[in-house]
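Enquirer: Below are the structure tokens for one structure; questions will follow.
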Amino acid sequence: MKSIITLTTDFGSRDHYVGAMKGVMLSVNKDAVLVDITHCVDSHDIRAASFAIGNSYRYFPEKTVHLVVVDPGVGSMRKPLALSADGHFFVGPDNGVFSSVIRSCEDFSAREIKNSDFFLKEISSTFHGRDIFSPVAAHLSLGVPFPEIGPLIHDPELLPHDEYSVDGNNIRGTVVYTDKFGNFITSIPTEAVSDGDGAVVTVGGKRVTGISESYSSVEPGEIVAVGGSGGHIEISVNQGRASDVFGEVPPEVIIVEESS
């Protein structure tokens, strides 16, 4: 089977950056299959990138290499990181971007990318995605032994936990991600709500009765709470955008009150 490398960045599609990285990887491994997860992460949004890769990597075959470049600290003292976790490899900056991956695995191995044999000959201080991360990802896809990448890191950077709390029948959480459709994805796992039909969701002063199975469970334009595909409660508007209803900055706390 051909090796697979996925790409997740905040580079967008207007500029040449993604194309340059793909060229580097294909120069190292011309048979690699390159798959774009997304290049539409908001600029510098490490948390969103962590969410994206954490909700997508497990749907790829084992030994897939996942390249994630959302790197506001490029050129600084932050470390370049390679991660082996759950049968996959991950390459990117050590800035917390792999927090969701690390927290979802019982065991992982992290290494600082230090072996310059796997870099391009000339290294820019502003484009490690092209000059360091891309060639390292490509070499890993060819089967380079993981320990050759560099020394172990025992404490890779982690973002703060997306917490939710339970107090009796009340569950409080936060909005952790807003998708392209304007849906608010919360930190509350769907399984934490034992009575979806009887639950009352309060967000931004608005109340929604019940956790629905689909967006179309309410009339167009109405707010709905659903159990999303990623296993968390979502706040949505049927054929609309929750982000338009509640504003660009989502409500800090979502309260789920289960019926007695």
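The values are calculated or read from the model by the stated rules, or taken from the named source; none is laboratory data. Treat the numbers as computed from the prediction; the structure is a model and nothing was measured. Neighbour counts run over all protein chains shown; Cβ positions are idealised from the backbone, glycine included.
Enquirer: Does Glu148 meet the test of being farther than 22 Å from Ser56 by Cβ and not in a strand (DSSP E or B)?
Expert: Here the answer is yes, as Glu148 does meet what is asked.
Enquirer: Anything in segment 1-21 that is surrounded by 19 or more Cβ atoms within 10 Å (Cβ to Cβ) and either charged (D, E, K, R) or in contact with an Asp or Glu (Cβ under 6 Å, 6 or more places away or on another chain) (or both)? List them, or say none.
Expert: Answer for segment 1-21, where residues must be surrounded by 19 or more Cβ atoms within 10 Å (Cβ to Cβ) and either charged (D, E, K, R) or in contact with an Asp or Glu (Cβ under 6 Å, 6 or more places away or on another chain) (or both): Leu7, Asp10.
Enquirer: Restricting attention to segment 199-216, and to residues there that are in contact with a Ser or Thr (Cβ under 9 Å, 6 or more places away or on another chain) and over 14 Å from Val237 (Cβ atoms), which single residue is modelled with the highest pLDDT?
Expert: Filtering segment 199-216 for residues that are in contact with a Ser or Thr (Cβ under 9 Å, 6 or more places away or on another chain) and over 14 Å from Val237 (Cβ atoms), the one modelled with the highest pLDDT comes out as Ile211.
Enquirer: Can you tell me which of (1) outside any helix (DSSP H, G or I); (2) in contact with a helix residue (DSSP H, G or I) (Cβ under 9 Å, 6 or more places away or on another chain) is the one Arg47 doesn't meet?
Expert: Every condition holds for Arg47 apart from (1).
Enquirer: Continuing with this model, one more query. When Leu81 is evaluated against the numbered criteria (1) part of a strand (DSSP E or B); (2) within 11 Å of the chain's Cα centre (by Cα), which criterion, by number, is the only one it fails?
Expert: Going through the list (1) part of a strand (DSSP E or B); (2) within 11 Å of the chain's Cα centre (by Cα), Leu81 breaks only (2).
Enquirer: Quick check on my filter: what residues within segment 101-124 are touching a Gly at 6+ places or on another chain (Cβ under 7 Å) and modelled with pLDDT of 95 or more?
Expert: Val101, Arg111, Glu112, Ile113, Lys114, Asn115
Enquirer: For Gly75, which of the numbered conditions (1) touching a His at 6+ places or on another chain (Cβ under 8 Å); (2) within 27 Å of Thr174 (Cα to Cα); (3) surrounded by fewer than 21 Cβ atoms within 10 Å (Cβ to Cβ); (4) not aromatic (Phe, Trp, Tyr) fails to hold?
Expert: (2)
Enquirer: Oh, and also: State whether the residues of segment 116-131 include one that is surrounded by fewer than 13 Cβ atoms within 10 Å (Cβ to Cβ), among the basic types (Lys, Arg) and over 30 Å from Gln239 (Cα atoms).
Expert: Looking through segment 116-131, at least one residue is surrounded by fewer than 13 Cβ atoms within 10 Å (Cβ to Cβ), among the basic types (Lys, Arg) and over 30 Å from Gln239 (Cα atoms).
Enquirer: Determine which single condition Gly196 fails, assuming it passes every other condition in (1) closer than 28 Å to Thr6 by Cα; (2) in contact (Cβ under 8 Å) with a residue 12 or more places away in the chain; (3) surrounded by 14 or more Cβ atoms within 10 Å (Cβ to Cβ).
Expert: Of (1) closer than 28 Å to Thr6 by Cα; (2) in contact (Cβ under 8 Å) with a residue 12 or more places away in the chain; (3) surrounded by 14 or more Cβ atoms within 10 Å (Cβ to Cβ), only one is false for Gly196: (1).
Enquirer: If you check every pair at least six apart or on different chains, which have Cβ atoms under 8 Å apart with a residue in segment 4-33 that is part of a loop (DSSP other than H, G, I, E, B) and modelled with pLDDT of 95 or more first and a residue that is polar (S, T, N, Q) and surrounded by fewer than 16 Cβ atoms within 10 Å (Cβ to Cβ) second?
Expert: So the pair list comes out as Asp10/Ser43.
Enquirer: Among the residues of segment 100-145, how many are without any contact (Cβ under 8 Å) to a residue 60 or more places away in the chain, of a type in the set (Ser, Thr, Tyr) and within 23 Å of Ser56 (Cβ to Cβ)?
Expert: The total comes to 3.
Enquirer: If you don't mind, there's one more thing I want to ask. Could you tell me how many of the residues in segment 29-44 are under 15 Å from Leu67 (Cα atoms) and more than 24 Å from the chain's Cα centre (by Cα)?
Expert: Quick first cut of segment 29-44, residues under 15 Å from Leu67 (Cα atoms) only: 29, 32-41.
Within this subset, residues satisfying the condition of being more than 24 Å from the chain's Cα centre (by Cα) are 29.
The number of residues fulfilling the criteria is 1.
Enquirer: Could you please find all residues in segment 165-193 being in a loop (DSSP other than H, G, I, E, B) and either assigned by TED's automatic domain parsing to the domain that holds Ile53 or more than 23 Å from Glu213 (Cβ to Cβ) (or both)? Walk me through how you get there before you give the answer.
Expert: Narrowing segment 165-193 to residues in a loop (DSSP other than H, G, I, E, B): 168-169, 174, 179-183, 193.
Selection gives Gly168, Thr174.
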